[in-house]
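The values are calculated or read from the model by the stated rules, or taken from the named source; none is laboratory data. If you're wondering where the values come from, they're calculated on a predicted model, not measured in any experiment. Note that we place each Cβ from the backbone using ideal geometry, even for glycine, and neighbour counts take in every protein chain shown. Remember, those area values only see protein heavy atoms, side chains included, never the ligands or the DNA or RNA. Shrake-Rupley method; radii C 1.70, N 1.55, O 1.52, S 1.80 Å.
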Amino acid sequence: HGSCFPMSIYYIDGEFVDERDAHIPATDLAVMRGYGVFDFLRTYKGVPFELEAHIQRLRNSAAHIELDVPWSDDFIIDIVNQTIARNRYEDGREMNVRVIVTGGPSVNGLLPVGESRLLVMVTPANPIPPNQYALGVKIITERIERYIPEAKTINYIPAIKAMKRAIREGAVEALYIDRDGYALEGTTTNVFAFYGDTLVTPAASILTGITRGVVLRLARELFSVEERPLLLTDLLKADEVFISASNKQVMPVIEVD
């Protein structure tokens with residue numbers, strides 16, 4: 001945070017609270033069993049980017065793991081906007097917004113009782129160093145296949161381990177490679193490769209990023225676009241590679257492993 005920022009205000013299960021007072025019970029299945037989903041987005045000029053698409057994906061993630069989402073889209077959107085409104089920063093800094101649905105309480109410590117919790121956390125977005133866009137970044141690869149890749153769940157153990165290694169090796173992201181040698185996605189990004197004027201990106205066994213969707217929509221007006229499996233060996237022969245994400249936008253990659 002740094003001293004120049006006030007504490008953030010979060011929405012926690014029905015209340016707006018100071019981040020220091022943001023608590024959920026230890027009996028929540030998110031704590032006990034890692035049962036929950038989330039979505040992450042950012043603002044531009046204080047307006048949440050592609051909010052409806054993120055809420056749809058949140059719902060889709062929950063459906064994949066049979067997690068109850070009892071609130072309407074309009075309610076969630078309203079809570080997100082209210083939380084943002086309570087966190088305006090004096091310097092006009094943009095915000096990161098994290099929407100989490102937890103499994104809620106359980107009687108036996110395993111099965112939910114259908115009382116999911118909704119959390120919305122807003123924090124100041126830290127600008128990415130401009131030279132990462134000007135000069136490009138390094139990524140590494142990791143042999144990982146996510147459980148239910150179409151769902152953005154709170155189980156980030158493989159991602160945390162992979163990112164610890166990435167940081168040790170001076171990289172900004174780790175790219176998941178499956179058992180057959182296909183590149184899938186990064187810990188928090190999607191991957192794209194250019195071959196001449198053809199843009200290629202994986203489509204199966206990944207979380208379809210919201211930024212990815214925007215990139216594809218824009219790219220189709222300019223280039224030939226193929227959504228298909230992408231071998232790591234082919235990725236290494238690409239003319240250009242980039243990654244996309246809400247918090248990285250579109251970032252050029254100049255080195256893999």
Helix 157-168 sits at what angle to the longest principal axis of the chain, using alpha carbons and giving 0 to 90 degrees rounded to 10? 60 degrees
Expected unfolding gain across E145-V214 under the 0.36 nm per residue rule, minus the alpha-carbon gap, is 22.4 nm
Using only protein heavy atoms and a 1.4 Å probe, report how much of K152 is accessible, in Å² to the nearest 10. 20 Å²
Roughly how many Å² is the accessible area per residue of the range 1-87, as a whole number, for a 1.4 Å probe? 52 Å²
Ordering D234, D28 by how much accessible area each has at a 1.4 Å probe, largest first, what is the list? D234, D28
Which value, in debye to the nearest 20, gives the size of the charge dipole of the range 43-155 about its Cα centre, when Lys and Arg are +1 and Asp and Glu are -1 at the Cβ? 380 debye
May I ask for the Kirkwood hydrodynamic radius of the range 1-112, worked out over all distinct Cα pairs and given in angstroms to one decimal? 15.2 Å
State the percentage of accessible surface on the range 17-173 attributable to carbon and sulfur atoms; use a 1.4 Å probe and exclude ligands, DNA and RNA. 54 percent
What shape does the range 119-247 take by its C-alpha gyration tensor, where a ≥ b ≥ c are the square roots of the eigenvalues and a/c under 1.5 counts as rounded, a/b above b/c as prolate, and the rest as oblate? rounded
Taking only DSSP H segments of four or more residues, each worth -39500 (n - 2.57), what value at 222 nm results for the chain once the sum is divided by all its residues, to the nearest 500 deg cm²/dmol? -7000 deg cm²/dmol
State the percent of C-alpha pairs, over all pairs in the chain, separated by a distance greater than 34 angstrom. 20 percent
Label-to-label distance, nm, for residues given as E226 and T123 (7 Å Cα→Cβ offset): 3.9 nm
Expected sort for 189-197, 154-162 on mean C-beta neighbours within 10 Å, highest first, is 189-197, 154-162
So, with points 7 Å from each Cα along the Cβ direction, the E115-E240 label distance in nm works out to 5.3 nm
Suppose every Lys and Arg Cβ carries +1 and every Asp and Glu Cβ carries -1, with no other charges. What dipole size does the chain come out with about its Cα centre, to the nearest 20 debye? 460 debye
